[in-house]
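Notes follow the structure.
No lab work stands behind these numbers, since they all come straight from the coordinates. Keep in mind the model is a prediction, meaning the values are calculated, not measured. So basically every Cβ, Gly included, is an ideal-geometry build from the backbone, and we count neighbours across all protein chains shown.
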Ligand code: DGY
């Protein structure tokens, strides 16, 4: 049996590699940092499948270097690192890992909200630095979470789970999404509002939209100015949805009270960035989905998506179904795509 070849751009949990190895020769980039672009361009030349991470830019040049590439299986639910139209045009299937990380990510977004509201990281640092002298009536005053208003920008899977967690804290829930979800409104008592109203009325604003051209810098200077001085912004989605410079100024100048970020622009944020000097920022290195169970399931899911595509099946988590209509062209000999190939 001729084996497929798959390149994996970073060490992922073994359970995923095991699935890939059953059908393919698997090469893994074992570096701590993402593979340099030249390495991806070289490695992709000879493979049928690519398992990529959100830290890899997979654009037309990579796809053209991958003459035999049939599938790009992203080890993430987000796929803004991949140029989808270019993949579709070239007949390459793109997959992601939705669902399995929803609860884990919502847990973390809520943890970030709580940590920022109650100044947990700042207080921890204070104790460790030997500054805890006594109980202080006005020490470390934060914002109440219970009965406060949470504004969700995006009510997809993660936004919805964030709302469920917040309703356990008796929070009032506002949301904005490009699509209204009347079922969720009834279930959780959510109120649908446009973004400016959401920003004006919320004590906490939490972002749960994908990064697209439409959501790039969705929160900038003007939006931050609409928020309450006591409000806290949470971003566990993608860094570039928030303008970092505008957020830095807003936190520094007291335009808003605080922020909790799991994602930044740029990512990683440089260690000498002035925003890191601010105590009203709680920050984590893009770890919202990082539980043992979830990262393992993401690996098996990414591997299963990749294997299905290699076998000519429709992978369970195909993000560009339009690709199934793309016919094999003479210049793409051997690439197993298109309805004809998938139906064979
Ligand atoms: C994703 O999956 O898109 C997260 O950012 C990482 O798990």
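Descriptive notes on the structure:
- Those residues of segment 174-210 which are crowded, with 21+ Cβ neighbours inside 10 Å and outside any strand (DSSP E or B), in sequence order: 190, 198, 199, 202, 203, 208, 209
- Within segment 116-136, residues that are within 26 Å of residue 256 (Cβ to Cβ) reach partners that are in a helix (DSSP H, G or I) with beta carbons closer than 8 Å, at six or more positions or on different chains, in the pairs 120/114; 121/115.
- Helices (runs of 4 or more DSSP H) (entirely within segment 67-165) containing at least 2 residues that are over 30 Å from residue 313 (Cβ atoms): 102-117, 120-128
- Counting only residues that are in contact with a strand residue (DSSP E or B) (Cβ under 8 Å, 6 or more places away or on another chain) and touching a residue at least 60 places away in the same chain (Cβ under 8 Å), segment 232-244 holds 4 of them.
- If only residues of segment 256-303 that are assigned to a helix (DSSP H, G or I) and more than 16 Å from the ligand (Cβ to nearest atom) are counted, the one that is surrounded by the most Cβ atoms within 10 Å (Cβ to Cβ) is 275.
- For segment 21-33, taking the residues that are within 24 Å of the chain's Cα centre (by Cα) and within 16 Å of residue 73 (Cβ to Cβ), the one that is surrounded by the most Cβ atoms within 10 Å (Cβ to Cβ) is identified as 29.
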